[in-house]
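*Asks:* The structure under discussion is supplied below as structure tokens; questions concerning it will follow.
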Amino acid sequence: MSDKYVQRDSGQCLMVGGQAVIEGVMMRGNGKVATAVREPNGRITVDVKLVDSISDRFPILKWPFLRGVVSLVESLVLGLRALSFSAQKAGDEDEQLSDMELAGTMIIALVLAMVLFVAIPTGAAKLFAEITTSAVALNLMEGVLRLLIFLGYLWGISQMKDIYRVFQYHGAEHMTIHAYEAGGPLTVENVQRFPRLHPRCGTSFLLIVMIVSIFVFAFLGWPDLTTRIVSRILLMPVVAGVSYEFIRLAGRSTNPVVQLATKPGLWLQKLTTNPPADEMVEVAIASLAAVLPEEERVRMGLPANEDGALSEENEADESMAAAAVTAAEE
């Protein structure tokens with residue numbers, strides 16, 4: 001199917017998002033997080049948990065620009081937990097990481113990201129001081145270096161065999177969300193008709209972060225290296241907040257200017273998504289189905305949850321998974 005499919009109004013469907021994990025997909029929506037994983041024996045395991053956002057307790061955090069920072073932090077935490085669960089179920093780990101281990105992993109990841117995308121670019125930009133002494137020009141060059149490092153990083157990991165499969169699940173996630181937003185049905189055959197690129201993708205968000213940071217940092221002057229690094233770290237929530245609002249707008253706007261601005265992010269997703277196999281789409285559908293409200297499941301032709309209860313972990317064999325994704329055809 002082309003990108004010109006008919007999408008329902010945002011008020012007519014649940015706002016869902018997700019990410020690819022090891023041999024699976026995590027979906028979030030309706031106050032739930034579901035991680036579906038294909039185990040080595042072929043079964044699909046679906047872990048469903050209720051989640052409370054801190055913004056529900058502090059409504060001010062739902063304000064524009066603030067909500068982007070909250071969403072980013074919560075997505076990091078939930079994403080790491082989903083990765084830990086998927087690694088354990090896919091047979092890569094003996095057990096899931098504890099909360100302390102997850103916190104340590106997140107801190108290490110953030111430090112490495114700051115070194116790679118903040119410290120190295122701003123330090124290397126000093127080499128251009130022989131060309132120009134303009135603070136604005138040096139900051140712009142730093143931003144271009146950061147963008148090139150980011151693009152090189154994505155290209156590099158996209159060449160890895162194991163990451164190729166993760167990016168196939170990433171494609172399955174996008175295609176399943178597209179099918180849901182277009183009105184279904186959530187069957188493998190229908191989902192495979194949709195594009196694997198989505199305007200609300202995390203890849204697009206990161207690209208917007210890189211571009212917004214170029215303009216935000218351009219007018220900060222050119223102090224010493226330590227001050228430059230600290231200033232960029234402190235302003236990262238501002239950059240993330242602005243970027244989140246743009247991605248949120250892009251996901252529901254039909255304005256041609258906005259649509260044009262999303263094109264670079266969609267092009268970049270050709271690196272971070274790959275065409276999925278049917279069995280990968282089955283996993284993505286199982287994950288999305290687990291977070292849908294009961295009335296949505298019925299409308300999409302999926303089996304209703306027994307007694308409507310939420311289980312911590314549901315395991316389905318191949319026949320049950322197939323029944324879930326083909327029910328709309330029966």
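*Asks:* Would you confirm, using the coordinates I've provided, whether G301 is closer than 29 Å to F85 by Cα and assigned to a helix (DSSP H, G or I)? Give the derivation first.
*Replies:* Values: closer than 29 Å to F85 by Cα: yes; assigned to a helix (DSSP H, G or I): no.
Spelling it out, it is not the case that G301 is closer than 29 Å to F85 by Cα and assigned to a helix (DSSP H, G or I).
*Asks:* I've got another one for you. Within the range 146-154, is even one residue surrounded by fewer than 21 Cβ atoms within 10 Å (Cβ to Cβ) and either over 22 Å from the mean Cα position of the chain (by Cα) or part of a loop (DSSP other than H, G, I, E, B) (or both)?
*Replies:* As a first pass, look at the range 146-154 and keep what is surrounded by fewer than 21 Cβ atoms within 10 Å (Cβ to Cβ): 147-154.
Filter once more, keeping what is either over 22 Å from the mean Cα position of the chain (by Cα) or part of a loop (DSSP other than H, G, I, E, B) (or both): none.
Among the residues of the range 146-154, not one is surrounded by fewer than 21 Cβ atoms within 10 Å (Cβ to Cβ) and either over 22 Å from the mean Cα position of the chain (by Cα) or part of a loop (DSSP other than H, G, I, E, B) (or both), which makes the answer no.
*Asks:* Now, a different point. Might you let me know whether the range 54-71 holds any residue that is under 20 Å from M210 (Cβ atoms), crowded, with 16+ Cβ neighbours inside 10 Å, hydroxyl-bearing (S, T, Y) and within 24 Å of the chain's Cα centre (by Cα)?
*Replies:* Start the filter on the range 54-71 by keeping residues that are under 20 Å from M210 (Cβ atoms), which leaves 65, 68-69, 71.
With the extra rule that they be crowded, with 16+ Cβ neighbours inside 10 Å, the set shrinks to 68-69, 71.
Cutting the leftovers down to hydroxyl-bearing (S, T, Y) gives us 71.
Add one more test, that the residue is within 24 Å of the chain's Cα centre (by Cα), and what stays is 71.
Yes, the conditions are met somewhere in the range 54-71.
*Asks:* Can you list residue pairs whose Cβ atoms sit under 7 Å apart, with the first residue in the range 165-185 being at positive phi and the second being of a type in the set (A, V, I, L, M, F, W, C) and at pLDDT below 95? Count only pairs 6 or more apart in sequence or on different chains.
*Replies:* Every condition considered, the pairs that remain are G184/M300; G184/A328.
*Asks:* So I229 passes all but one of these: (1) surrounded by fewer than 16 Cβ atoms within 10 Å (Cβ to Cβ); (2) in a helix (DSSP H, G or I); (3) in contact (Cβ under 8 Å) with a residue 12 or more places away in the chain. Which condition number does it fail?
*Replies:* Every condition holds for I229 apart from (1).
Residues checked against (1) surrounded by fewer than 14 Cβ atoms within 10 Å (Cβ to Cβ); (2) free of Cβ contacts under 8 Å to residues at least 40 places away in the same chain; (3) small (G, A, S):
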{"position": "L116", "(1), (2), (3)": "no, yes, no"}
{"position": "A119", "(1), (2), (3)": "no, no, yes"}
{"position": "T122", "(1), (2), (3)": "no, no, no"}
{"position": "A135", "(1), (2), (3)": "no, no, yes"}
{"position": "N139", "(1), (2), (3)": "no, no, no"}
{"position": "E142", "(1), (2), (3)": "no, no, no"}
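*Asks:* Separate question: May I ask you to say which residue of T133, T122 is outside any helix (DSSP H, G or I) and farther than 24 Å from W267 by Cα?
*Replies:* Numbers: T122 fails: outside any helix (DSSP H, G or I).
Going through T133, T122 in turn, the sole match is T133.
*Asks:* When only residues in the range 268-294 that are of a type outside the set (A, V, I, L, M) and over 16 Å from the mean Cα position of the chain (by Cα) count, which is modelled with the lowest pLDDT? Even if it seems obvious, please write down each step before you answer.
*Replies:* Going residue by residue through the range 268-294, those that are of a type outside the set (A, V, I, L, M) are 269-270, 272-276, 278-279, 282, 287, 293-294.
If we keep only those that are over 16 Å from the mean Cα position of the chain (by Cα) as well, we get 275-276, 278-279, 282, 293-294.
Numbers: P275: 97, P276: 98, D278: 97, E279: 97, E282: 97, P293: 89, E294: 85.
Among residues in the range 268-294 that are of a type outside the set (A, V, I, L, M) and over 16 Å from the mean Cα position of the chain (by Cα), the one modelled with the lowest pLDDT is E294.
*Asks:* Restricting attention to the range 185-226, and to residues there that are in contact with a Phe, Trp or Tyr (Cβ under 9 Å, 6 or more places away or on another chain) and assigned to a loop (DSSP other than H, G, I, E, B), which single residue is surrounded by the most Cβ atoms within 10 Å (Cβ to Cβ)?
*Replies:* Of everything passing the filter in the range 185-226, L186 is surrounded by the most Cβ atoms within 10 Å (Cβ to Cβ).
*Asks:* Tell me yes or no: at least one residue of the range 105-119 is of a type outside the set (S, T, N, Q) and in contact with an Asp or Glu (Cβ under 6 Å, 6 or more places away or on another chain). Full working, then the answer.
*Replies:* Step one: filter the range 105-119 for residues of a type outside the set (S, T, N, Q), giving 106-119.
Right, trim to in contact with an Asp or Glu (Cβ under 6 Å, 6 or more places away or on another chain) and you get none.
No.
*Asks:* Could you check T254 against (1) modelled with pLDDT under 95; (2) part of a helix (DSSP H, G or I) and say which number it fails?
*Replies:* (2)
*Asks:* Now, a different point. Can you tell me how many residues in the range 164-184 are touching a helix residue (DSSP H, G or I) at 6+ places or on another chain (Cβ under 8 Å) and surrounded by fewer than 17 Cβ atoms within 10 Å (Cβ to Cβ)?
*Replies:* 1
*Asks:* Does S287 fit the bill of being more than 24 Å from F150 (Cβ to Cβ) and surrounded by fewer than 22 Cβ atoms within 10 Å (Cβ to Cβ)?
*Replies:* On the way: more than 24 Å from F150 (Cβ to Cβ): yes; surrounded by fewer than 22 Cβ atoms within 10 Å (Cβ to Cβ): no.
Judged against the criteria, S287 is not a match.
The values are calculated or read from the model by the stated rules, or taken from the named source; none is laboratory data. These numbers were taken from a predicted model, which means no experiment stands behind them. Backbone-built Cβ (ideal geometry, glycine too); neighbour counts: all protein chains shown.
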